[in-house]
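Shown next, in structure tokens, is the structure this report addresses.
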Ligand SMILES: Nc1ncnc2c1ncn2[C@@H]1O[C@H](COP(=O)(O)OP(=O)(O)OP(=O)(O)O)[C@@H](O)[C@H]1O
Ligand SMILES: [Mg+2]
């Protein structure tokens, strides 16, 4: 269970640039839930994921994972249970390192040895196998620099990388937004597969109402740093993207939609 408990995040406090990005956001997510997160620009969605991953320290509130208070844990300490994939395929992987080196870094906690130069044949086979499942031919390009891949290829590798290390939470921040529709659909299929196979708990930020409803088990809407709408089960099944758009407009005029 993830519990983001009454989280407030204020950037640049006490200055003219002070911004309350999260404002008492409270969200409980059960093991195995796949939550799609929607909301307008600046609503606080990325800050929510950054708080979960440890990149942003809340001004107040707590981050609890299975009842363990990880609020002050640094990013590196959280990588054993949470992985993040970003909108920009260039973020999260290193252009100058080869595909193999990037993947070795991502999986270093599970491989028998440390960094890339120490990869043994078994480790390399494991990486090759993980890549071959993408059917993009990348298993034959292990020595190529990550920077030579297209955005979609790079996003596919990022997803595979995220699943190499032992983790239970996947945080996706508009990870298909920069991709063409066909590649985006491919990456979305791969995402579902990885979540299912590894039994992950997932949060996926998207600006597509259709994507938000077609994927996952629950949809939450964020506005002004708070959860303003939360739907799962039968309530969610009967929702259309038009309903969500109407709720979205309403949430900009009203402080709280949550019922
Ligand atoms: N590092 C930062 N320093 C200062 N302000 C920030 C920082 N990060 C985010 N903000 C501000 O916090 C608010 C929430 O930002 P956030 O990136 O979480 O929004 P978002 O919901 O992800 O929006 P988008 O849909 O545009 O990605 C915005 O007003 C943003 O300008
Ligand atoms: Mg964002």
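The values are calculated or read from the model by the stated rules, or taken from the named source; none is laboratory data. Keep in mind that what you see is a predicted model, and the values were worked out from it rather than measured. Here the Cβ positions follow ideal geometry from the backbone for every residue, glycine too, while neighbour counts run over all protein chains shown.
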* Which of the residues that make up the stretch 135-144 are under 24 Å from the mean Cα position of the chain (by Cα) and not in a helix (DSSP H, G or I)? -> 135, 136
* Asked: In the stretch 7-15, is there at least one residue being more than 16 Å from ligand 1 (Cβ to nearest atom), free of Cβ contacts under 8 Å to residues at least 12 places away in the same chain and either farther than 23 Å from residue 207 by Cβ or not in a helix (DSSP H, G or I) (or both)?
  -> no
* Asked: Could you say whether any residue in the stretch 154-166 is within 16 Å of ligand 2 (Cβ to nearest atom), touching a helix residue (DSSP H, G or I) at 6+ places or on another chain (Cβ under 6 Å), in the same structural domain as residue 10 (by TED's automatic domain parsing) and assigned to a loop (DSSP other than H, G, I, E, B)?
  -> no
* Within the stretch 45-60, restricting attention to residues that are surrounded by 18 or more Cβ atoms within 10 Å (Cβ to Cβ) and either over 16 Å from the mean Cα position of the chain (by Cα) or farther than 16 Å from residue 2 by Cβ (or both), which residue is nearest to ligand 2 (Cβ to nearest atom)? -> 46
* Structure fact -> Subset of the stretch 169-202, residues modelled with pLDDT of 90 or more, more than 16 Å from ligand 2 (Cβ to nearest atom) and in a loop (DSSP other than H, G, I, E, B), comes to 199, 200
* Asked: Is it true that some residue in the stretch 5-26 is away from ligand 2 (no atom under 16 Å from the Cβ), under 17 Å from the mean Cα position of the chain (by Cα), in the same structural domain as residue 188 (by TED's automatic domain parsing) and surrounded by 15 or more Cβ atoms within 10 Å (Cβ to Cβ)?
  -> no
* Sort out which residues of the stretch 16-64 are closer than 30 Å to residue 237 by Cβ, within 11 Å of ligand 1 (Cβ to nearest atom) and part of a helix (DSSP H, G or I), and write them in order of number. => 45, 46, 47, 48, 49, 51
* Asked: Picking from 188, 209, 204, which residue would you name as being in the same structural domain as residue 223 (by TED's automatic domain parsing), within 12 Å of the chain's Cα centre (by Cα), touching a residue at least 24 places away in the same chain (Cβ under 8 Å) and buried (at least 17 other Cβ atoms within 10 Å of the Cβ)?
  -> 204
